[in-house]
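Notes to accompany the following structure.
The values are calculated or read from the model by the stated rules, or taken from the named source; none is laboratory data. For clarity, every value in this text was computed on a predicted model and none was experimentally measured. Note that each Cβ is placed from the backbone with ideal geometry, even for glycine, and that neighbours are counted across all protein chains shown. What goes into the accessible areas is simple: the full protein's heavy atoms, side chains included, and nothing from ligands, DNA or RNA. Shrake-Rupley method; radii C 1.70, N 1.55, O 1.52, S 1.80 Å.
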Amino acid sequence: MRKFLDGLYNVAAYAAALFMVSILVCVLLLIVGRQMGWYIPGLNAYAGYSMAAASFLALAHTFKQNEHIRVTLVLNALPSTPRHILNLISLVIALGLSATVAYYSVNLVLESYAFNDLSVEEDATPLWIPQLAMAIGSIIFAIALLDELVRTWVTKEDIIISNAE
């Protein structure tokens, strides 16, 4: 299971990286197009869709690599047992919030698909397509938080970031 989950987080991170490259390509095409006197309709929207996709798809991998910003001032000052309990409470709260975001993101995709919502930009893209990356990223992030909660509960090891790092 560990191998599968780590693979899932890595695949999401690679997808996020591809979306970051697509942001670069969109912006470069806009710049070059402006200089050459041509314009590709909807390119601004696709750069925005790519930015949202990159952000959400990178959440789980970033979290599992311990790269999210965490306020550890209180955690690092506590003895082992209270620190562990507070860390578990934090993970439960984060899991609840991320599961809520995932739930509503999936609902948004389903509603956009059912109502055939289209982008108001020139591209007229069906909105469920770019929203799908947000929903998938939210789900994978919730899975990563559940994974970390179970790991922390079972092993009783907390990931504590020291100020020296």
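Below is a table of values for the structure above.
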quantity	calculated
Taking the C-alpha atoms of the chain, convex hull volume expressed per residue in Å³	133 Å³
Cα pair count fraction exceeding 23 Å, expressed as % - segment 31-126	52 percent
Residue (of VAL106, ILE85, SER119) at the positive-pole extreme of segment 28-153, dipole from beta-carbon charges	ILE85
Surface accessible to a 1.4 Å probe, GLU157 within the full protein complex, Å²	110 Å²
Largest-first ellipsoid semi-axes for segment 75-125, taking √(5λ) over the Cα gyration tensor eigenvalues, angstrom	42, 12, 4
Solvent-accessible surface ranking, highest first, for ASP147, ASP6 at 1.4 angstrom	ASP6, ASP147
Equivalent ellipsoid semi-axes, segment 1-55, via Cα gyration tensor eigenvalues times 5, rooted, Å	32, 9, 6
Cα-centred dipole magnitude for segment 1-152, charges only on beta-carbon of K, R (+1) and D, E (-1), debye, nearest 20	640 debye
Solvent-accessible surface ranking, highest first, for THR81, THR155 at 1.4 angstrom	THR81, THR155
Centre separation in Å (Cα based) which lies between segment 133-158 and segment 64-97	13 Å
Quarter of Cα convex hull surface for segment 69-165, i.e. mean projection, nm²	8.2 nm²
Principal-axis tilt of helix 80-114 within the chain, Cα atoms, nearest 10 degrees	20 degrees
Accessible surface, 1.4 Å probe, highest first, among residues LYS64, LYS156	LYS156, LYS64
